[in-house]
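Inspection log for the structure reproduced underneath, given as structure tokens.
The values are calculated or read from the model by the stated rules, or taken from the named source; none is laboratory data. Note that the structure is a prediction, hence the values are computed from the model and not measured. Positions of Cβ are backbone-derived with ideal geometry, glycine not excepted, and every protein chain shown enters the neighbour counts. When the accessible area is computed, the model is the full protein with side chains, heavy atoms only, and any ligands, DNA or RNA have been set aside. Shrake-Rupley method; radii C 1.70, N 1.55, O 1.52, S 1.80 Å.
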Amino acid sequence: MLVPFRGRVAGYMAIAQRQSSKRRCSTAANCVHDKMARRIQARRLEGVDKNIWVEFVSLAAQYKTVNLGQGFPDFSPPSYATEAFSKAITDEHSLLNQYTRAFGHPPLVKALAQMFGPLFGQELNPLTNVLVSVGAYGALFCAFQALVDEGDEVIIIEPFFDCYEPMTLMAGGQCVYVPLRPKPADDGRPPSSNDWRLDLAELEAKITKKTKVLVLNTPNNPLGKVFDKEELEEISHICVKHDLLCISDEVYEWLVYDGKQHVRIASLPGMWDRTITVGSAGKTFSATGWKVGWAFGPDCLLKHLRVVHQNSVYHCATGAQEAVAQGFQKELERLGQPDCYFVQLRDELQKKRDWLYHCLTEVGMKPMMSQGSYFMIADISRFKSEVPPPTDDNIPYDNYFTKWMMKHKQLASIPVSAFYSTPHKKQFENYIRFCFVKEDATLKAAEKILKKWSSESTGPKAQ
């Protein structure tokens, strides 16, 4: 089972903490050691040590589940990309096993500028408007460290990818949360991620003199919501009006379904000069383990990210960057055409999404049709008679339910409350997240579990 970098690190920390707890001080020397250990930990780590992935990856392995929880493909990248990677690192006397340019392999930043310049409506300079880092995660870390200062307020739209909160806190910032809320469909159609809307009045009311950054994620993880142009124009107007910077996480930009279009907020009037846009080769080429990501933006912002990058990770794997560069060069020639990988992947994943939607509906869950990304959420309210809520009111129902499902049904998902701030977790505890970006064999195994569950279930089925 693949475990994300953040999960491995947090796992090591969790093991260390458990081992430490076993060494409770029985002597004066041990007591002194414990006191010193508490002082050694930097204050920036306080409150960011817990990680949902550590616990749920461990449980998924323990119960030998069909894992629809973690957001990675269990299929291979396109063959031309893996062949390019292999050739880059195995050719005799290849310098692609050595350092390349710190801020991005020259062929890659050139390809990125060529591909994305027209999409932003900008003439991108590969050397000043593009930064390549260790995955989108690395690019986000550079953005938060470079732009958020002690006491700055950062607006985070909920639900949010779980790294935004700790990255804000580690930079000394304060998180201000504004939730998307589901609106009932007016025409009787099935619920969709598009039904989750932002209250603009609530957003603007949260802005103070200390507010510096707004964090946007479209398509959204975990909802699969794709913000439309009208929504983004309204958010842009607020950013310009209040002179806010925007960090826009757009790693699922090519995975937008049902004919919807991905709109880049940096392409809207007044936004290029105040926006950092983050992308991912892992999501673009189904190669999450390669850890190649990037940030686009004006040099006046990106130069500060380069300072963080050069003083932290400094450099990314050259061979992986070369493979991604060749991938973009190939796709640029056929962008938007039927044989384009981005088109083929999108169409294939839309079929998998529809398949999972049907399976979840059969068992009595109420899935929200995802507009984009790897993910779909489902309402589990109907199961409270079959799986009663925990007696501890502090435990969100979705957290309890997902653990029950792993143990008793051998099916893994992720509780959506994990993507909310502590004050809002209980308000959104009736949803769980599934990843449908899996091999057909994996989805068939999940379907078998759900059909068996449906035949055994005494609870009501979705209509």
Could you give the length gained by full extension between Arg181 and Asp258, i.e. 0.36 nm per residue of separation minus their alpha carbon distance, to one decimal place? 25.5 nm
Could you compute how much accessible surface Tyr400 exposes when probed at 1.4 Å, giving the result in Å² to the nearest 10? 90
Please give the Cα centre distance for the stretch 352-397 versus the stretch 150-218, rounded to the nearest Å. 22
hull vol. (C-alpha, convex hull) per residue for the stretch 104-178, Å³ -> 112
Using modelled backbone amide H atoms (1.01 Å from N, in-plane), which distant-in-sequence or interchain residues come within less than 5 Å of Thr275's amide H? Cys246
Violating pairs (Cα-Cα greater than 20 angstrom) within the set Lys229/Lys260; Lys384/Lys444; Lys260/Lys438; Lys229/Lys426: Lys384/Lys444; Lys260/Lys438; Lys229/Lys426
Starting from the coordinates of the alpha-carbon atoms of the stretch 263-308, obtain the Kirkwood hydrodynamic radius over all distinct pairs and give the value in Å to one decimal. 11.8
Two-site label geometry, Glu123 and Thr82: point separation in nm, points 7 Å out along Cα→Cβ: 4.1
Using a 1.4 Å probe on the protein heavy atoms only, what accessible surface does Tyr137 show? Give it in Å² to the nearest 10. 60
Can you give me the three principal axis dimensions of the chain from its C-alpha atoms, in Å, biggest first? 68, 60, 55
Rounded to the nearest 10 Å², what accessible area does Cys175 have for a 1.4 Å probe in the complete protein model? 30
Would you mind calculating the relative contact order of the stretch 65-164 from Cα pairs under 8 angstrom and at least 6 residues apart, reporting the percent as a whole number? 15
The extension gain from Lys448 to Gln41, computed as 0.36 nm times the residue separation minus the Cα-Cα distance, is 141.8 nm
Using the heavy atoms of the protein chains alone and a 1.4 angstrom probe, what is the accessible area of the stretch 337-416 per residue in square angstrom? 38
Set Lys50/Lys425; Lys283/Lys452; Lys206/Lys425, cut-off 21 Å on Cα-Cα distance; pairs above it are Lys283/Lys452
Taking Tyr99, Tyr63 and ranking on accessible area (1.4 Å, protein atoms only), highest first, one gets Tyr99, Tyr63
For the stretch 375-463, what's the relative contact order in percent, using C-alpha pairs closer than 8 Å and at least 6 residues apart? 37
Points 7 angstrom from Cα along the Cβ direction at Asp74 and Leu200: gap in nanometres? 4.4
When the stretch 287-386 is reduced to its Cα atoms, the Kirkwood hydrodynamic radius in Å: 17.6
Taking every C-alpha to C-alpha distance in the stretch 187-269 and binning by 5 Å from 0, the per-bin percentages run 3, 13, 25, 24, 18, 10, 5, 2, 0
Working out 0.36 nm times the residue gap between Arg346 and Lys209, then minus their Cα-Cα distance, what length gain in nm do you get to one decimal? 45.2 nm
Grab every C-alpha pair in the stretch 307-463, bin the distances at 5 angstrom width from 0 up to the longest one, and report whole percents. 2, 8, 14, 16, 14, 11, 10, 9, 8, 5, 3, 0
Net charge over other residues, Cβ less than 12 angstrom from the Cβ of Glu234 (K, R count +1; D, E count -1): -3
In the chain, carbon and sulfur make up what percent of the accessible area (probe 1.4 Å)? 52
Using a Förster distance of 22 Å, how high is the FRET efficiency between Lys330 and Glu92, based on the Cβ-Cβ distance and rounded to 0.05? 0.35
Once the convex hull of the alpha carbons of the stretch 79-145 is built, what does its volume come to per residue, in cubic angstrom? 117
For the chain, what's the relative contact order in percent, using C-alpha pairs closer than 8 Å and at least 6 residues apart? 21
